[in-house]
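The values are calculated or read from the model by the stated rules, or taken from the named source; none is laboratory data. No experiment lies behind these values; they were computed from the predicted model shown. Quick reminder, even Gly has a Cβ in these numbers, built from the backbone with ideal geometry, and neighbours come from all protein chains shown. Note: areas computed on protein heavy atoms with side chains; ligands, DNA, RNA excluded. Shrake-Rupley method; radii C 1.70, N 1.55, O 1.52, S 1.80 Å.
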Amino acid sequence: MESTSTVLRQLRGAQKPAKGVSLYSRYVNRPAGRIFAAGAYRLGMTPNQVTLLSAVFTFTALAGVALVRPGPRLAVLVCLSLVVGFALDSADGQLARLTGRGGPDGEWLDHVVDCAKMILVHTAVLVSFHRWFALPGDGWLLLPLGFLFVAVLTFCAGLLREQLGKAAARGLPPRPTAPAPPSALRAVALLPADYGVFCLVFLLLGDETAFRTGYAVLAAVHALFLALFLGKWFRELKALRAH
């Protein structure tokens, strides 16, 4: 079996394009996922097993948010578990590309886990707000529900944009254009919408006011990005119909 350094070199050549990816995913999550993918390869794990391991870290952290009284120690443990789960979520795809063992079953499992994660993370915050937080008013309980709506709609609309775009492009002749280099400005602008940055807000879980404020700010930013993305995706699909 190849050495770990050899596997890491191969994985560097099996990365997705950097276009449209935030700085966190490009310089933190993907490199961390590459290390996990190399370790999983050495252990003989399959991509689906890595996906399930990612779910274990993520769902354990979310159970802690819902069931344990917030505090500094819980905040660190939850944040670390979510960050590791997110890196493993990157590792499964990298391992699949390295080994050629990817398939529709793996893609389906990955999306199912992502969807469950998206629903449960805001549900866990809602439960934590209700059980442990001294909220200024009951209206704060609507915040996780609103964030959940935004997250699920973004996820579903993005998947539909990708699938419908692929279907529409099948009947079109290929357009040989050189890929544009990734934009550093766009990578910075996308940081607030990156799930990895969202994981970091749980470091504030030990301070009720700080966490509520950080969570509310991210909810507002994600709502703004949703509006921008919906307009962009609609225009792109309409342009495909014009062809």
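Quick notes on this structure:
- Computed over the chain with a Gaussian network model linking Cα atoms closer than 10 Å, the most mobile of Q49, Q94, Q163 is Q163.
- Modelled this way, with points 7 Å down the Cα-to-C-beta line, the labels at L228 and E162 are 2.0 nm from one another.
- Take the Cα radius of gyration of the range 33-170 and divide it by 2.2 N^0.38 Å, N being the number of residues; the result is 1.21.
- Counting only DSSP H runs of at least 4 residues, each contributing -39500 (n - 2.57), and dividing by the residue count of the chain, the helix-based mean residue ellipticity at 222 nm comes to -25000 deg cm²/dmol.
- Entry comment: accessible area of the chain is 54 Å² per residue, from protein heavy atoms only and a probe of 1.4 Å.
- Mean Kyte hydropathy of 1.0 or more with a Cα span along the axis of at least 24 Å, helices from DSSP in the chain: 47-67, 72-99, 142-169
- Build a GNM of the chain with springs between Cα atoms under 10 Å apart, and of A167, A151, A75 the one that fluctuates most is A167.
- In terms of its C-alpha gyration tensor, the chain comes out oblate, because a/c is 1.5 or above while a/b does not outweigh b/c.
- Carbon + sulfur, % of accessible area of the chain - ligands and nucleic acids excluded, 1.4 Å: 68 percent
- For K117, the aspartates and glutamates whose Cα comes closer than 12 Å to its Cα, not counting residues fewer than 8 places off in the same chain, are D89.
- GNM top mover of L135, L185, L218 - the chain, alpha-carbon springs below 10 Å: L185
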